1. Out of the residues in region 206-241 meeting the condition of being in contact (Cβ under 8 Å) with a residue 40 or more places away in the chain and farther than 23 Å from Gly118 by Cα, tell me which one is surrounded by the most Cβ atoms within 10 Å (Cβ to Cβ).
2. So, in region 243-254, of the ones that are part of a loop (DSSP other than H, G, I, E, B) and in contact with a strand residue (DSSP E or B) (Cβ under 9 Å, 6 or more places away or on another chain), which residue ends up surrounded by the most Cβ atoms within 10 Å (Cβ to Cβ)?
3. I need a count of the residues in region 255-296 that are surrounded by 15 or more Cβ atoms within 10 Å (Cβ to Cβ), among the small types (Gly, Ala, Ser) and not in a loop (DSSP other than H, G, I, E, B).
4. Collect the residues in region 309-331 that are part of a helix (DSSP H, G or I) and over 25 Å from Tyr184 (Cβ atoms), keeping them in residue-number order.
5. How many residues are farther than 12 Å from His377 by Cβ and part of a strand (DSSP E or B) when one looks only at region 410-427?
6. Count, please, the residues in region 56-70 that happen to be among the small types (Gly, Ala, Ser) and either at pLDDT below 85 or not in a strand (DSSP E or B) (or both).
7. Filtering region 114-147 down to residues that are among the aliphatic types (A, V, I, L, M) and surrounded by fewer than 21 Cβ atoms within 10 Å (Cβ to Cβ), which residue is modelled with the lowest pLDDT?
Amino acid sequence: MTKTFLCALLFTAGYCQAQPVINSWIMNKNGKTASYWAQNGTPGSPSFVFTNTTDSADILKVCYSNDSVWIYSKGMTDNMGQYQNPGTCIAQNYHFRFPRNPQVATTKTTSPMIGAIGLLLNGIPIYGLSNANSWTGSTNANPQQGGQGVWNVEVYKSEGFTLDTAFGAHPQQQGAYHTHATPYRLYKYVANTQHSPIIGYAFDGYPVYGPYGFSDPNDMTSTITRMKSGYSLRNITTRTTLPSGATASQAGPAVSTTYPIGTYCEDYEWLASNGGDLDEYNGRFCKTPEYPNGTYAYFISINANGQPAYPYIIGPQYYGAPDMADISGPNPQVYASSTAINCILPTDIAQTSTDRSLTVFPNPTRNKQVQILGNQHGYDKVMIVNLQGQTLYSNSIDENKIQSIQLPATGVFILRCSNSSSGKSAVMKIVAE
């Protein structure tokens with residue numbers, strides 16, 4: 001029996017290592033659609049309009065093999081907050097891959113300043129530390145779009161006021177909703193009472209937790225404490241050296257009232273002497289409720305007042321080895337054809353079958369029994385799967401005969417018909433009342 005098959009059977013019982021990366025995602029189980037509070041005024045005098053969409057919310061598919069997990073989402077959820085920058089949230093088509101068994105990287109990869117660096121559990125991307133502006137030293141101009149990329153404008157100081165209080169997020173120019181800091185709705189801000197839940201995953205496959213963890217990283221019975229960042233503002237008056245001590249290839253503006261310390265990401269440095277709980281990647285190796293044997297984990301950074309603290313979610317570099325296809329764009333490689341793939345399908349309206357030759361009735365059913373009509377639909381196999389991805393029923397079918405299926409309980413299920421020769425398939429939601 002392969003490890004993949006064994007984990008497919010047992011992942012809900014927690015018997016497979018690193019299973020949270022498979023079953024932690026917030027899946028669309030009832031056809032939920034996205035909605036948001038659009039800002040149609042100015043940041044100084046905003047007004048908000050609640051907007052419903054027909055786009056699916058949250059995670060729409062989770063697929064996994066021995067070593068990889070693929071996530072598909074539209075990058076939206078319901079009741080997204082009141083962000084204070086004009087713009088519309090537009091559904092995306094995100095396909096990201098996460099290592100199922102993440103590894104410590106000998107050579108560290110820079111976490112992109114701009115664009116996605118990880119994913120929240122509801123399918124909303126986590127973005128980097130900059131707002132895409134950087135100092136243009138050749139003309140001593142104000143930070144410009146693009147710029148020299150040496151002194152990068154720190155996003156929360158420059159745009160924090162525009163982020164909503166739902167997920168610390170807003171849309172960018174193309175309508176892609178994303179978070180920069182403190183996705184509040186995914187964790188409870190209750191000081192020193194319980195370990196924070198997982199709120200997402202970095203592209204290197206390591207989990208991201210809320211701001212609270214065990215005071216002793218190796219003792220799950222120790223007290224709960226806020227995970228303090230080891231970053232602080234540098235003690236500089238000129239911007240000629242980088243946090244590493246190396247001379248900057250392009251000097252930045254001197255520290256002033258126009259460009260105060262903290263304007264740029266490079267104004268911060270990580271120091272062991274700061275007494276933080278987290279390393280320069282904004283994480284640590286520790287035991288957690290989901291990983292009782294221990295894992296490396298990133299943590300949300302907040303200050304003592306619960307406000308976002310640099311570097312907010314993930315540091316300037318990844319601890320592990322990310323999938324570079326994730327970093328270059330939201331559509332990495334498709335599933336390897338030689339690898340056994342298991343998929344968890346929620347009741348996503350976008351995946352509902354439009355094959356009119358396939359008739360399943362009654363749906364909803366009140367006696368937990370449904371029938372597939374034998375009207376030359378072209379399928380030779382049927383499966384019933386629950387919302388946790390477990391196969392409850394599997395059998396061959398004859399397109400010329402009626403197939404009766406007894407459901408094990410009331411609830412919502414996924415019916416999948418397929419043809420082993422042509423690869424044709426159809427998926428639909430079945431409701432047993």
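1. This residue is Arg239.
2. Going through region 243-254, the residues part of a loop (DSSP other than H, G, I, E, B) turn out to be 243-246, 248-254.
After this cut, where a residue has to be in contact with a strand residue (DSSP E or B) (Cβ under 9 Å, 6 or more places away or on another chain) as well, the list is 243-244, 248, 250-253.
Working: Pro243: 17, Ser244: 9, Ala248: 17, Gln250: 16, Ala251: 16, Gly252: 24, Pro253: 18.
Ranking the candidates gives Gly252 first.
3. Total meeting the criteria: 1.
4. Met324, Ala325, Ile327, Ser328
5. 7
6. Residues meeting the conditions: 2.
7. Ala141
Residue by residue, here is whether (1) in a strand (DSSP E or B); (2) more than 17 Å from Gly168 (Cα to Cα); (3) in contact with a helix residue (DSSP H, G or I) (Cβ under 6 Å, 6 or more places away or on another chain) holds:
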site: Met76; (1), (2), (3): no, no, no
site: Ala91; (1), (2), (3): no, yes, no
site: Pro102; (1), (2), (3): no, yes, no
site: Thr107; (1), (2), (3): no, yes, no
site: Gly118; (1), (2), (3): yes, no, no
site: Gly123; (1), (2), (3): no, no, no
site: Asn131; (1), (2), (3): yes, no, yes
site: Ser134; (1), (2), (3): yes, yes, no
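The values are calculated or read from the model by the stated rules, or taken from the named source; none is laboratory data. Source: prediction; values computed, not measured. Every residue, glycine among them, receives a Cβ derived from its backbone with ideal geometry; neighbour counts consider all protein chains shown.
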